[in-house]
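S.K.: Before I ask anything, let me first share the structure, which is written out below as structure tokens.
The values are calculated or read from the model by the stated rules, or taken from the named source; none is laboratory data. Keep in mind the model is a prediction, meaning the values are calculated, not measured. Cβ coordinates were reconstructed from backbone atoms using ideal geometry, including for glycine residues, and neighbour counts include every protein chain displayed. Remember, those area values only see protein heavy atoms, side chains included, never the ligands or the DNA or RNA. Shrake-Rupley method; radii C 1.70, N 1.55, O 1.52, S 1.80 Å.
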Amino acid sequence: MEKYSVIGRRVPRIDAKEKVMGQAKYAADYSLADMLWCKVARAPFAHAKILNIDTSKAERLPGVKAVITGKDFNGWTWGFMATTRDEPPLAVDKVRYLHEGVAAVAAVDEDIAEEACELIKVDYEELPGVFDPEEAMKPGAPVIHAYRPNNVSVEYHWNFGDVEKAFAESYLIREDRFDTGRVVTGFLEPPASLAYYDPSGYITVWPAKQSPYFHYRHLAGCFKLPLSKIRVIQPYIGGGFGGTKNDSVAGDLCVVMLSKKTGRPVKFIYTMQEVLTTCRRRHNMTIYNKMGMTKDGILTAVESRVIGHGGAYTAIGPLTMFLTGYGTPVPYRLPNYKYDCWRVFTNNPVSAAMRGHGFTHTRFACDVQMGMMAEELGIDPVEIKMRNAIDNPKPGEIYKAVNGFKLKTCGIKEALKAVAEDEIWADKDKMAKQEGPVSYGVGLSGTAYHGGARQLGHQSCAATVRICEDGTVNLITGATDCGQGSDTVLAMIAAEELGVRYEDISIKRVDTAYTPVDPGSYGSRVTLLAGQATQFAARDAKKQLLEAGAKVWKVKSDDIEIRNSIVSLKTNPDKQMSFEKLTKIACYEGAGAVILGRGHSDYGIDEPLDFDHGTGEGGINFSFTAQTVRLGVDMETGKIDVHDFIIAHDAGVPLHPVSVESQNEGGAIQGLGQAIYECFVMEKGKTHNSTLLDYKMPRSTDVPDIKVIDIITNDPDGPFGAKEASEGSHVSTPPAVIDALHSATGVWFKELPVTPEKIVKALKEQGKWMK
């Protein structure tokens, strides 16, 4: 990192002061004079026709200013694709999951709004529900949406190579069923929004959205207004992780409709119970995986049949099912691959995107299955992964996967080598021991995740760099920092490109009235796409400054350089001026000038995504992660204590090491929750553990010691060589934990999460339980 002044330094986060001092304002912190409160009335059935809604009693309650139902939205629905927009803001003809919204109230305070919801009388005709996707696919099952009579919202069938021939020639074949758990994103800030539909027909909202321009488009479509009349002002975001904070929820749209009706600002804040019972969840999936190998442990073929538990509406399901199959051919060479998937409607809450989107499911199944086959073949787990791992392409070379995507860098072998040489794995025979009732185990995984997501619709990011005459800089972008630290990284990129100090960069929060339209914060795309846009904008501004300096010094602009806010002549470094002086020259000389640099990302897409055939370039590059885990299992109670994570992550070049480390740590702990703690307990559409106390996310006391090792690959397509660093460890953690559990107990667990009850049951079945 010696060649850089800012990139690679451990600078403080740009928003640290506001957050530490409690000055950061989140959506729930905003209020306006004469503001009303919104509450949503919810259905008591998982599947029922709505025969009639009587709101008269609620409307007569003192303090109530308006009541709306689904009919107020005039048939508008939303969803990922034009053919799958099947979700209304409030149910109209029938409810499709328990606690779906059927009406909303605006009142002078929350208590009155809640009371009014209880006064709304809805006549229902309860319908038979279906809650298991495999049952929902059977003939005669209750139909959830008339336009999908078989309850399959999305299905894909891909075939690359000759899978049947490869299996016929394989020395070893395994077929296993894997199940991932029902999990939630787990943010601490619930959905909230303040909305004002002013008399001139402009909508202004302050919502908790990690992709505010999604909501901007939803509002324009729902209220039939031009985008120029929609203003989304983004507060600080208290965690996102996809799903609910990417998409709109009922409250987001109801507050705007209620504001339109009342002429007053309206605000809602969901309770955590509403989040846990009604908001977006990760797709839990059933994966029937078939894998073939040679006698030497070389992969010959994989066939995955995946059933996605979709819930009541389609949402972003088409993309989820694409990504679930798309990521299987990395990080190991796979010559033959078949993927069949079905996303199925049920009368459960809606499934959508979550950190590690799609990849978490099939990478978990494939990595665990590789470990099973290594054991059967008597091959060391590291060795079997190294034999199959994709080599890091030489500069100028490209690796092309069986389904067509391309890799210019791949650090999986280096990552596997790094964790294998660490003492946790190197001394695993000593680490994996028995002490009283506790059996210790060490596990390993090797996985991948794509970064710089480029899928459907608008993909380009943009940035503007404004040079102030005192030498400070405003960076304006539509990209969202939802807690991952991207504002810091973008400010570092701008500072490095301009040659100024990091502390002289000020980044502005998203306001759709002023900031450029942006696809959003998802798919680990902000550093790559908004980062490139920032690079280009900074270069544009710098070019203008250098031209002004060249006139004064009577040299070519290429003869001047800027570093650490000092402007100097390359051939005579003693000839200097401050960056502030250069900005004054540029702004004041002659007729004067306004220095504005503009840039937008221009990553070309060689091959657009083809959902039906499983091809296309879904991202800019791939990160690669190898991970080891050391844990202990009480062989009497099944209790698990996780002690160590070693994470070797190929993030290209870590631009901000603090953020890279914290994102790897955070992603790994979310993955740990998915592996051994978190799961909704469901019965006929009802969520029984609808509090954070009962849902059981990992606590601070459950966090192991974590060591992050940077694998430097310097990807040519990322700004300053960067790749994603936010989601890879979420993908690598579950299979590493399962491998460690096998090491400790001798049992291969194939259903997440692995709870103490499941461990005790498995130990009893195998005669290993210690009373």
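S.K.: Tell me, which residue of the stretch 469-482 that is within 12 Å of Lys581 (Cα to Cα) and open to solvent by 20 Å² or more (accessible area, probe 1.4 Å) is nearest to the chain's Cα centre (by Cα)?
M.R.: Thr472
S.K.: Now a separate question. Can you name every residue in the stretch 153-164 that is touching a strand residue (DSSP E or B) at 6+ places or on another chain (Cβ under 7 Å) and either open to solvent by 70 Å² or more (accessible area, probe 1.4 Å) or assigned to a loop (DSSP other than H, G, I, E, B) (or both)?
M.R.: Correct list: Glu155, His157, Asn159, Gly161.
S.K.: Please go through (1) surrounded by fewer than 24 Cβ atoms within 10 Å (Cβ to Cβ); (2) within 30 Å of Thr409 (Cβ to Cβ); (3) over 22 Å from the mean Cα position of the chain (by Cα) for Ile287 and return the number of the only condition it doesn't satisfy.
M.R.: The one condition Ile287 does not meet is (3).
S.K.: Arg525 is checked against (1) among the charged types (D, E, K, R); (2) open to solvent by 20 Å² or more (accessible area, probe 1.4 Å); (3) out of contact with any Ser or Thr (no Cβ under 6 Å at 6 or more places or on another chain) and fails just one. What number does that condition carry?
M.R.: (2)
S.K.: For the structure I just gave you, tell me whether Ile14 is of a type in the set (Val, Ile, Thr), part of a loop (DSSP other than H, G, I, E, B) and open to solvent by 10 Å² or more (accessible area, probe 1.4 Å).
M.R.: Criteria met by Ile14.
S.K.: If a residue has to be under 14 Å from Ala722 (Cβ atoms) and outside any helix (DSSP H, G or I) to count, how many in the stretch 494-544 make the cut?
M.R.: Going through the stretch 494-544 one residue at a time, the tally reaches 2.
S.K.: If you take the residues of the stretch 165-174 that are open to solvent by 30 Å² or more (accessible area, probe 1.4 Å) and in contact with an Asp or Glu (Cβ under 9 Å, 6 or more places away or on another chain), which of them is nearest to Val737 (Cα to Cα)?
M.R.: The selected residue is Arg174.
S.K.: Another question, if that's okay. When you look at Ala491, is it more than 20 Å from the chain's Cα centre (by Cα), assigned to a helix (DSSP H, G or I) and surrounded by 24 or more Cβ atoms within 10 Å (Cβ to Cβ), yes or no?
M.R.: yes
S.K.: Here is a further query. Does the stretch 684-691 contain any residue that is modelled with pLDDT of 95 or more, within 19 Å of Gly446 (Cα to Cα) and polar (S, T, N, Q)?
M.R.: no
S.K.: Given the options Thr324, Thr320, name the one that is among the hydroxyl-bearing types (Ser, Thr, Tyr), more than 18 Å from Asn159 (Cα to Cα) and not in a loop (DSSP other than H, G, I, E, B).
M.R.: So the residue among Thr324, Thr320 that is among the hydroxyl-bearing types (Ser, Thr, Tyr), more than 18 Å from Asn159 (Cα to Cα) and not in a loop (DSSP other than H, G, I, E, B) is Thr320.
S.K.: Find the helices (runs of 4 or more DSSP H) located wholly in the stretch 372-482 whose residues include 3 or more that are touching a residue at least 12 places away in the same chain (Cβ under 8 Å), and list them.
M.R.: Fully inside the stretch 372-482 and qualifying: 381-388, 412-421.
S.K.: Under 6 Å by Cβ, and 6 or more places apart or on different chains, what pairs join a residue from the stretch 671-682 that is open to solvent by less than 10 Å² (accessible area, probe 1.4 Å) with one that is of a type in the set (D, E, K, R)?
M.R.: The qualifying pairs are Phe680/Arg182.
S.K.: Cβ-Cβ distance below 9 Å, separation of 6 or more or different chains: which pairs start in the stretch 557-576 with a residue that is at positive phi and end on one that is among the acidic types (Asp, Glu)?
M.R.: Qualifying pairs under 9 Å: Ser565/Asp504; Ser565/Glu580.
S.K.: Let me ask another. Test Lys338 against the stated conditions and say whether it is of a type in the set (D, E, K, R) and part of a strand (DSSP E or B).
M.R.: So Lys338 fits the description; yes.
S.K.: Among the residues that make up the stretch 726-745, is at least one of them open to solvent by 10 Å² or more (accessible area, probe 1.4 Å) and at pLDDT below 95?
M.R.: yes
S.K.: Sticking with this one: Given the condition in contact (Cβ under 8 Å) with a residue 24 or more places away in the chain, in contact with a Ser or Thr (Cβ under 6 Å, 6 or more places away or on another chain) and either closer than 15 Å to Ser729 by Cα or of a type in the set (A, V, I, L, M) (or both), answer yes or no: does some residue in the stretch 701-708 qualify?
M.R.: No, because not a single residue in the stretch 701-708 is in contact (Cβ under 8 Å) with a residue 24 or more places away in the chain, in contact with a Ser or Thr (Cβ under 6 Å, 6 or more places away or on another chain) and either closer than 15 Å to Ser729 by Cα or of a type in the set (A, V, I, L, M) (or both).
S.K.: I'd like the residue in the stretch 119-152 that is touching a residue at least 40 places away in the same chain (Cβ under 8 Å), farther than 16 Å from Ile50 by Cα and of a type in the set (A, V, I, L, M, F, W, C) and, out of all such residues, is surrounded by the fewest Cβ atoms within 10 Å (Cβ to Cβ).
M.R.: In this case the residue turns out to be Met137.
S.K.: Something else: Go through the stretch 310-352 and give me each residue that's more than 26 Å from Lys138 (Cα to Cα), touching a Gly at 6+ places or on another chain (Cβ under 7 Å) and surrounded by 24 or more Cβ atoms within 10 Å (Cβ to Cβ).
M.R.: Tyr326, Gly327, Pro331
S.K.: Between residues in the stretch 725-744 that are under 12 Å from Ala675 (Cβ atoms) and residues that are β-branched (Val, Ile, Thr) and assigned to a loop (DSSP other than H, G, I, E, B), which pairs lie under 9 Å by C-beta distance while being six or more apart or on different chains?
M.R.: Pro734/Thr180; Val737/Val754; Ile738/Val754; Leu741/Val747; Leu741/Val754
S.K.: Considering each residue of the stretch 494-506, count those that are open to solvent by 10 Å² or more (accessible area, probe 1.4 Å) and more than 23 Å from Tyr588 (Cβ to Cβ), and give that number.
M.R.: Residues that pass the stated criteria total 4.
S.K.: In addition: Sort out for me the helices (runs of 4 or more DSSP H) sitting completely within the stretch 670-771 that have 2 or more residues that are touching a strand residue (DSSP E or B) at 6+ places or on another chain (Cβ under 6 Å).
M.R.: Counting at least 2 such residues, we get 728-745.
Yes/no matrix, rows are residues, columns are (1) at pLDDT 95 or above; (2) in contact with an Asp or Glu (Cβ under 8 Å, 6 or more places away or on another chain); (3) under 27 Å from Gln663 (Cβ atoms):
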site	(1), (2), (3)
Ala420	yes, no, yes
Lys430	no, no, no
Gly452	no, yes, yes
Cys468	yes, no, no
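S.K.: Within the stretch 211-257, take every residue that is at positive phi and within 16 Å of the chain's Cα centre (by Cα) and give me the one that is most open to solvent (accessible area, probe 1.4 Å).
M.R.: Residue satisfying both the conditions and the ranking: Phe241.
S.K.: Look at the stretch 181-190 and say how many of its residues are open to solvent by 10 Å² or more (accessible area, probe 1.4 Å) and in contact with a strand residue (DSSP E or B) (Cβ under 9 Å, 6 or more places away or on another chain).
M.R.: Total satisfying the criteria: 3.
S.K.: Check off (1) surrounded by fewer than 20 Cβ atoms within 10 Å (Cβ to Cβ); (2) without any contact (Cβ under 8 Å) to a residue 60 or more places away in the chain; (3) not acidic (Asp, Glu) for Val64 and give me the number that stays unchecked.
M.R.: Condition not satisfied by Val64: (1).
S.K.: Might you let me know whether the stretch 42-55 holds any residue that is surrounded by fewer than 19 Cβ atoms within 10 Å (Cβ to Cβ) and among the acidic types (Asp, Glu)?
M.R.: So far as the stretch 42-55 goes, yes, one or more of its residues are surrounded by fewer than 19 Cβ atoms within 10 Å (Cβ to Cβ) and among the acidic types (Asp, Glu).
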